[in-house]
Amino acid sequence: MDPSSLSSEQPEQHRSINKTMIQVSKAKGETRTFQIYDDKYINITLDNLFGQKIYNLNLCMLEPWPVRHRNVSWRWMLSMIYFGIAALAYGIYIYNHPSGETLSRLIPLVVIFILLLLGSLLMFLYRSPNVTEFRSRYCGCVLISLLYSNPNKELFDKFVDELKQRILLASQAVRIDKHRMLINEITKLRKLRNDGVISEREYINASRRIPNMRV
């Protein structure tokens, strides 16, 4: 493979499409489109309320073994904790001061806090999806995030299996050394940072891994 192996800017009309998967997240108002093409590249399109992001990756820069975990929405978790503590505190106060005036004044507040707690719980579940992530080979930066079992488990599993196989084949075809691959990877990550695909923090964390690598 050519040393410019991480270049993936192919004219769209010349692409040979291998497999496509579209994921829709109603909770986030987001559509994710993943398209494997020319055997060794993938195009990712993210459409949401904030706009659209499109980027391409050479599959050889990815680790073939994905990681599954839950993206935790800390904002809604903190909301749950706050409303839960408030409801509990008022409940204890009512229990210790069971007068008619206290009940009539505080029970509506307890009900409101319980409703807010339930609402926060629902939003937490919606905003904290199970995801399967593919990371860059050397720097460990998340580059592909798939919503688990979306659109359904069968299609999801087939796409992930295909993607893993394509990554392995693309990696085996590479004919440049680790040092050059690492340079190509960090260069690509810098471009993704500049394009707003990954954050500044993700790029810095990825860059910090380089001094610890033996090349």
Do we find that Arg175 is of a type outside the set (Val, Ile, Thr), surrounded by fewer than 18 Cβ atoms within 10 Å (Cβ to Cβ), in contact with a Ser or Thr (Cβ under 9 Å, 6 or more places away or on another chain) and farther than 25 Å from Gln52 by Cβ in this structure?
yes
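Could you say whether any residue in the range 70-80 is among the charged types (D, E, K, R), touching a strand residue (DSSP E or B) at 6+ places or on another chain (Cβ under 6 Å) and surrounded by 15 or more Cβ atoms within 10 Å (Cβ to Cβ)?
No, the range 70-80 contains no residue that is among the charged types (D, E, K, R), touching a strand residue (DSSP E or B) at 6+ places or on another chain (Cβ under 6 Å) and surrounded by 15 or more Cβ atoms within 10 Å (Cβ to Cβ).
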Residues located in the range 20-31, provided they are over 27 Å from Val174 (Cβ atoms) and buried (at least 19 other Cβ atoms within 10 Å of the Cβ)
Gln23
Picking from Val131, Val67, which residue would you name as being surrounded by fewer than 18 Cβ atoms within 10 Å (Cβ to Cβ) and touching a Lys or Arg at 6+ places or on another chain (Cβ under 9 Å)?
Val67
Report whether or not Lys158 is touching a Phe, Trp or Tyr at 6+ places or on another chain (Cβ under 8 Å) and of a type in the set (D, E, K, R).
no
Residue under question is Leu106, and the condition is that it be surrounded by fewer than 18 Cβ atoms within 10 Å (Cβ to Cβ) and not assigned by TED's automatic domain parsing to the domain that holds Gly29; does it hold?
yes
Filtered residues of the range 37-55 (kept if surrounded by 14 or more Cβ atoms within 10 Å (Cβ to Cβ) and within 16 Å of Ser145 (Cβ to Cβ)):
Ile42, Asn43, Ile44, Thr45, Leu46, Asp47, Lys53, Tyr55
In this structure, is Ile94 out of contact with any helix residue (DSSP H, G or I) (no Cβ under 7 Å at 6 or more places or on another chain) and outside the structural domain of Gln23 (by TED's automatic domain parsing)?
no
Among the residues of the range 90-142 satisfying the criterion of being within 30 Å of Phe159 (Cβ to Cβ) and of a type in the set (D, E, K, R), which is modelled with the lowest pLDDT?
Arg127
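To keep it simple, each residue is scored yes or no on (1) assigned by TED's automatic domain parsing to the domain that holds Lys188; (2) free of Cβ contacts under 8 Å to residues at least 60 places away in the same chain; (3) of a type in the set (D, E, K, R).
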| site | (1), (2), (3) |
| --- | --- |
| Leu121 | no, yes, no |
| Leu143 | yes, no, no |
| Leu147 | yes, no, no |
| Asn150 | yes, no, no |
| Lys153 | yes, yes, yes |
| Phe156 | yes, no, no |
| Val160 | yes, no, no |
| Arg166 | yes, no, yes |
| Ala170 | yes, no, no |
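The values are calculated or read from the model by the stated rules, or taken from the named source; none is laboratory data. Since this is a predicted model, take the numbers as computed values, not measurements. Using ideal geometry, Cβ is built from the backbone for each residue, glycine included, and neighbour counts are taken over all protein chains shown.
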